[in-house]
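The values are calculated or read from the model by the stated rules, or taken from the named source; none is laboratory data. Not measured: the values here are computed from a predicted model. Note: ideal-geometry Cβ built from the backbone for every residue, glycine included; neighbour counts use all protein chains shown. The protein model used for the area step is the full one, side chains on, heavy atoms only, and it has no ligands, DNA or RNA in it. Shrake-Rupley method; radii C 1.70, N 1.55, O 1.52, S 1.80 Å.
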Amino acid sequence: MKILVAVKRVPDPNATIKVRPDGTGIVTDNLKYVVNPFCEIAIEEALRIKENHGGAEVVLVSVGEQVCQEQLRTGLAMGADRAILVLQDGDVEPVIVARALAKLVEQEQPDIVMLGKQAIDDDSNVVGQMLAEMLGWGQGTFASEVKLSEDKSSAVVTREVDGGLEDVEMPLPAIITADLRLNEPRYASLPGIMKARKKELKEIPLGDLGIDQSVQVKVHKLSPPPERQAGKKVETVQELVDLLHTEAKVI
Amino acid sequence: MIAWSESQLMIRDAVRRFVEDEIKPNLEALEHGDMPPYDILRKMYSTFGMDQMAKAGFAKKIAAEKSGEEAQPRSNGGDPSARADQVAATIIPIIELCRYCPGMVTAMGVSVGLAAGAIQSKGTIEQKERWVPDLLTLDKIGAWAITEPDSGSDAFGGMRASARRDGDDFVLNGSKTFITNGPHADTIVFICKLEEEGVDARERRILNFVLDRGMAGLEQTPALRKMGLHSSPTGELFLSDVRCGIDRLLGGANALKATGGGRAGAKATFQTERSGVAAMALGMVEQCLELSVKYAKERVQFGRPIGDYQLIQDKLARMEVARMNLQNLVFRTIELVSQGKTMTFAEASAMKLYAARAAVEVAMEAVQVYGGNGYMSEYQVEQLARDAKVLQIYAGTDEIQIRAIAKDLLAAD
């Protein structure tokens with residue numbers, strides 16, 4: 001069994017993000033980068049499948065700049081077997097990531113492709129779905145539980161939907177995208193970290209994959225959320241009720 | 001070694017995340033409540049595989065000893081950077097824990113470093129197998145008891161704890177104080193003097209016994225109140241006619257024959273302890289500096305952030321100098337150990353002297369940067385300032401370090 005896991009490098013969700021004054025992007029100086037938290041959950045799930053179903057090869061893939069290897073090493077330290085970095089400078093739009101992954105699926109022939117449901121930087125939430133469409137595979141998105149059949153020919157994915165849970169079954173190979181409650185990712189152990197540097201990390205320039213790289217969506221401008229206005233102090237409850245009625249118009 | 005490697009930074013980030021998730025939220029209970037540090041330390045050990053690493057290392061050493069070979073200090077013989085990573089993996093958790101909880105490092109260090117270390121360096125193979133594995137994984141907590149109410153720096157000369165021979169047994173008596181982990185210890189290395197007719201008390205043979213919690217005549221007091229290191233329980237031990245066999249005497253019958261072994265052995269233990277202090281100081285200084293820089297940017301007085309004022313800048317710059325020096329000392333320690341070399345006793349003393357003073361100075365200056373807020377427990381610099389002071393006292397006071405350095409300098413021709 002082979003599981004391909006997509007890994008994205010994103011700014012630390014706990015960092016304070018500032019938009020550049022010209023609106024072309026965010027200020028990246030001294031910004032700390034981590035594995036996208038949903039991708040981390042995807043890696044963890046792949047490792048658990050490997051541990052609980054008699055072994056599997058877990059292969060990580062990232063599309064981006066050279067520095068993305070830091071995040072791949074983190075995944076290798078957690079226990080993944082090897083990694084592939086598809087090199088491309090600058091932002092890569094989701095459809096190109098999906099095409100690159102589709103190409104790698106052709107080469108690697110995995111039984112499952114695990115992804116995070118979305119990246120916490122651009123919140124696109126499309127790569128898994130587009131990849132399923134490109135490959136013609138079944139997809140279980142927003143997974144909060146993954147169960148494989150005894151013979152590993154199919155999977156039941158529990159999805160968190162409005163007002164409850166939905167179980168969907170699909171034959172393998174399939175696409176699964178991880179939601180927040182799927183699992184709690186492990187810390188990389190110290191021996192795991194030390195072993196990670198010896199594991200294979202293959203680099204492939206995006207251009208070598210021979211995929212359509214035409215850009216369909218361009219980011220025009222980023223703007224920070226409006227600054228929060230100072231609140232108002234009121235003297236009496238009556239005044240508060242009046243303001244809620246006349247100004248805030250909530251009652 | 002001139003910088004942290006990529007793997008070392010990954011270790012740092014992982015441990016830092018653990019400390020921020022598991023220790024920071026419990027800081028109040030650990031420092032001002034009754035939460036002992038051991039469960040979190042055990043969790044850290046199992047989370048990062050430190051228990052398995054320690055077990056594997058121990059098994060290898062014992063196997064080598066049994067086959068009569070010299071134990072190889074580190075594997076990865078051919079790759080110096082892999083060796084450095086292995087050594088750094090033991091030091092980085094000390095640094096990261098000290099950013100929040102230097103007391104936890106003390107509790108951990110005494111158990112794993114001093115108690116297990118003493119048994120490992122002086123014990124017979126049977127004794128090592130009996131006590132060391134559980135200590136290395138923190139399944140059992142260890143204490144190392146040398147200090148007494150009337151003997152601190154003059155540890156051996158003034159020591160009154162005694163072992164009297166009674167047939168094949170020994171009968172132990174004495175009281176020990178300032179014993180880290182004393183209230184909770186399962187395994188205690190008890191250092192005392194053999195009662196010998198006609199031998200002056202100052203010259204008597206030093207013996208190390210291993211005691212288990214609950215032995216008849218052994219009393220472990222509740223934790224004493226102290227200035228800092230509140231997360232590390234410190235207590236007293238009272239022994240009245242504790243009877244034990246030679247199986248608990250470290251080194252067995254050989255310990256009764258060898259000369260000077262007890263003193264030299266304890267000295268080696270001091271050396272390990274002293275070199276660890278630089279890593280502790282680095283963690284505390286890093287945290288004080290980070291907090292101070294942050295506060296200097298945020299705190300506005302007379303219409304400007306206080307970081308604009310040169311008197312504050314002077315403090316920050318000095319903290320950075322201390323941080324750089326300490327980091328270099330830690331790099332040197334990692335480099336030496338990974339090459340299988342040891343530093344001299346005088347060098348370990350010099351390192352400890354500098355590190356302790358730097359930590360106290362930086363932590364006190366951090367309190368000063370924070371002003372009134374710094375004096376309040378709400379801000380962490382207050383705790384770090386109290387915690388730092390112990391570095392100048394335990395594992396040999398500053399004065400004792402100075403004596404060791406000077407003695408070495410003056411002994412040279």
- Query: Does segment B:121-132 contain any residue that is more than 14 Å from chain A (Cβ to nearest Cβ), buried (at least 18 other Cβ atoms within 10 Å of the Cβ) and under 30 Å from B:Glu399 (Cβ atoms)?
  - Reply: yes
- Task: For segment B:13-27, name all the residues that are touching an Asp or Glu at 6+ places or on another chain (Cβ under 7 Å) and more than 10 Å from chain A (Cβ to nearest Cβ).
- Result: B:Arg16, B:Val19
- Query: Can you name the residue in segment B:76-110 that is outside any helix (DSSP H, G or I) and more than 14 Å from every other protein chain (Cβ to nearest Cβ) and is also farthest from B:Arg12 (Cα to Cα) among such residues?
  - Reply: B:Gly77
- Among B:Phe209, B:Phe178, B:Phe190, which is modelled with pLDDT of 95 or more, closer than 20 Å to B:Arg160 by Cβ, open to solvent by 50 Å² or more (accessible area, probe 1.4 Å) and of a type outside the set (Ser, Thr, Tyr)? B:Phe178
- Which condition number does B:Ser5 fail, the rest of (1) under 30 Å from B:Trp131 (Cβ atoms); (2) touching a residue at least 40 places away in the same chain (Cβ under 8 Å); (3) surrounded by fewer than 21 Cβ atoms within 10 Å (Cβ to Cβ) being met? (1)
- segment A:145-172 - residue that is in contact (Cβ under 8 Å) with a residue 24 or more places away in the chain and open to solvent by 70 Å² or more (accessible area, probe 1.4 Å) and, of those, nearest to A:Asn183 (Cα to Cα): A:Glu145
- Within segment A:173-202, tally of residues that are more than 14 Å from chain B (Cβ to nearest Cβ) and open to solvent by 60 Å² or more (accessible area, probe 1.4 Å): 4
- Task: Name every residue in segment B:312-341 that is within 17 Å of the chain's Cα centre (by Cα) and not in a helix (DSSP H, G or I), in order of residue number.
- Result: none
- Note on the structure: Taking segment B:230-270 and keeping residues out of contact with any strand residue (DSSP E or B) (no Cβ under 8 Å at 6 or more places or on another chain), modelled with pLDDT of 95 or more and open to solvent by 20 Å² or more (accessible area, probe 1.4 Å) leaves B:His230, B:Asp247
- Message: For the structure I just gave you, tell me whether A:Gly140 is small (Gly, Ala, Ser) and within 16 Å of A:Glu45 (Cα to Cα).
- Response: yes
- State whether one or more residues within segment A:231-245 are small (Gly, Ala, Ser) and at pLDDT 90 or above. no
- Note on the structure: Those residues of segment B:385-403 that are closer than 15 Å to B:Arg357 by Cβ and part of a helix (DSSP H, G or I) come to a total of 12
- Query: For segment B:135-172, what are the residues that are in a strand (DSSP E or B) and within 17 Å of B:Leu250 (Cα to Cα)?
  - Reply: B:Gly142, B:Ala143, B:Trp144, B:Ala145, B:Ser162, B:Ala163, B:Arg164, B:Arg165, B:Asp169, B:Phe170, B:Val171, B:Leu172
- Only one of (1) under 21 Å from B:Arg17 (Cβ atoms); (2) open to solvent by less than 40 Å² (accessible area, probe 1.4 Å) is not met by A:Val67, so which one is it? (2)
- Tell me which residues, restricted to segment B:48-64, are open to solvent by 40 Å² or more (accessible area, probe 1.4 Å), within 14 Å of chain A (Cβ to nearest Cβ) and not charged (D, E, K, R). B:Gln52, B:Met53, B:Ala56
- Query: Quick check, is B:Lys352 touching an Asp or Glu at 6+ places or on another chain (Cβ under 9 Å) and open to solvent by 30 Å² or more (accessible area, probe 1.4 Å)?
  - Reply: no
